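Written below as structure tokens is the structure these notes are about.
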């Protein structure tokens, strides 16, 4: 679970760029494919940015996240939307959704394929017939080991990021934040790369039809990503 300090940095200093960019692509995809969504759920919704974008289009959007800090910020940003703290491995709401999303490589925080299998089984249960489950996962090439990256958030606040891999193939993103030259906190986030073919096989095992697994979301994108985008339908 992200610390309260990291959640604040996440919200204040630019990590919202991905849900914003993905949200615009998603809205374009919905229009292009004439998909009508009345109710949506964003798993691992973070600070609720994607939910806000969908709600702005008249969709009854809701979100859940394992991090209390993220949900607190999401509720502060837009108290009219429904958010809750939960573990998506066991999360199984009673209502049905036309669209379920899980972005920002959230599934790469789930270390075991057995747990991803459980998530897929649960999503299938609360996804409406004909509904879509859209998510992304990391590509191996997206997370090479790298030298530390320094970012200046302001004249006084700096951050350093470094990606490393351990002997078991897990990815560690170390984030250190400094203010006025003094270290304020350090966060170590663990992820793991899952084989996209194995992930798609788990979707099919749970009854989904995989409509797309590609390194781009929209067909007319000029720059392809190193992320796998997966579109599955019930």
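Against the empirical 2.2 N^0.38 Å (N residues), segment 41-193 has a Cα radius of gyration ratio of 1.17.
In this label model, residue 189 and residue 173 are separated by 0.3 nm, measuring between points 7 Å along each Cα→Cβ vector. Annotation: the residues 208, 135, sorted from fewest to most other C-beta atoms within 10 Å of their own C-beta, follow the order 208, 135. Compactness ratio for segment 68-151: Cα radius of gyration over 2.2 N^0.38 Å (N = residue count) comes to 1.32. Size descriptors for segment 154-234, from the alpha-carbon set: Rg then Dmax equal 18.6, 54 Å.
Each value in this text was obtained by applying a stated rule to the coordinates, not by laboratory testing. If you're wondering where the values come from, they're calculated on a predicted model, not measured in any experiment. Heads up, the Cβs are rebuilt from the backbone with ideal geometry, glycines too, and the neighbour counts pull from every protein chain shown.
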